[in-house]
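I have placed the structure first, in the form of structure tokens, so that the comments after it can refer back to it.
Throughout, read-outs are computed from the coordinates displayed, never taken from laboratory work. Bear in mind the structure is a predicted one, so any value in this text is a computation, not a measurement. Ideal geometry is used to build each Cβ from the backbone, glycine not excepted, and the neighbour counts take in all protein chains shown.
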Amino acid sequence: MYKRIMFYFYQHQQYQGPYEHEELFFDGVKVEDVTVDRLMTFFEYFYSDLSNGVYVSEDEFETNSFEIRARQYRLNHKPFNYKITVSSEKPVEAFVKVFIGPKYDEYGRVIDINENRMNFFELDRFHYTLVAGQNIIDRSSHDSIYFSHDKSTYKTLYKQVMTAIKTGEEFKYFPDYYQYSFPCRFMLPKGDFTGKTYQFYVMVTPYHKHEETCFNKYVVDAEYSLGYPFDRPVEIDYDFYVPNAFFKDVVIYHKNFDKDISTKWSTY
């Protein structure tokens, strides 16, 4: 069903035609470079609490005399930072978008951008104030609004609520648990032992201020679609490759770590 819905969406975007050069160009702004930490993925065991799936008495629940957990082997990655070097002719409010996508197909051939554009996944978007001259934007994988930590278990939430009721202690709300976010462990695709090449794509565009609501808190700037600029076909390379955008090759490695190291990084 989702595939059919997305097919109609892509078909609609195809009919829109490519973006004009003026729709992509940001006058006076140039992305000079992007540097990324060493990217590493790994598999780790994770224990999910299923205790709320069975009936127990209140005493059993309060004394925590039992616990039911399911063990899963799942992909995670080491937290990383990246820096974006941007030059601007004057102070200006900017909007930065960061994508990741493949570079080669299964035969090791570079994929044409028009065929590859729908494979790019948006990692982050944020507002930034550029100053005249060179700007170094330091960003962390923790900062993305699209990803968050694992949600609190039912037992944890129950105990927090009951403690607040009985002792008057303030109930702690965790705002980083975005309702529509992905688990942070899905940020990077699985790497390879010898390294697998992907591409970071960074685009800086003019910022249009909007009143923040529950929805556009995630969109940030409603002037641009969620897939912009990859949501429309690319016909002329000159129009698409603008100075305010930058492709950077990155290598993602994969390694099986021992339990201690995996546990330490899994707290991300």
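Numerical summary
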{"quantity": "In Å, descending, principal axis extents of the Cα set of the stretch 99-154", "calculated": "50, 40, 16"}
{"quantity": "Under 21 Å from LYS166, Cα to Cα: lysines that are on another chain or at least 8 residues apart", "calculated": "LYS155"}
{"quantity": "Cα-Cα over 26 Å, subset of LYS30/LYS83; LYS209/LYS248; LYS3/LYS78; LYS103/LYS190", "calculated": "LYS209/LYS248; LYS3/LYS78"}
{"quantity": "Within the stretch 83-183: Cβ-based charge dipole about Cα centre, in debye rounded to nearest 20 (Lys, Arg +1; Asp, Glu -1)", "calculated": "320"}
{"quantity": "Burial ranking of peptide ranges 67-75, 139-147 (average Cβ count within 10 Å, highest at the top)", "calculated": "139-147, 67-75"}
{"quantity": "Residue order, fewest to most beta carbons within 10 Å, for PHE193, PHE25, PHE246", "calculated": "PHE193, PHE25, PHE246"}
{"quantity": "Length-normalised contact order for the chain - Cα pairs under 8 Å, 6+ apart - percent", "calculated": "31"}
{"quantity": "Residues LYS3, LYS155, LYS90, LYS248 arranged by fewest to most Cβ contacts within 10 Å", "calculated": "LYS3, LYS90, LYS155, LYS248"}
{"quantity": "The chain - mean residue ellipticity at 222 nm from DSSP helices (-39,500 (n - 2.57) per run, n ≥ 4, rounded to 500)", "calculated": "-5500 deg cm²/dmol"}
{"quantity": "Order by protection proxy (mean Cβ within 10 Å, highest first), peptides 238-245, 196-203", "calculated": "196-203, 238-245"}
{"quantity": "Cα centroid of the stretch 100-125 to Cα centroid of the stretch 12-51, whole Å", "calculated": "10"}
{"quantity": "Descending semi-axes in Å of the chain, equivalent ellipsoid built from Cα gyration tensor", "calculated": "39, 23, 20"}
{"quantity": "Residue order, fewest to most surrounding Cβ atoms within 10 angstrom, among THR194, THR156, THR85", "calculated": "THR194, THR156, THR85"}
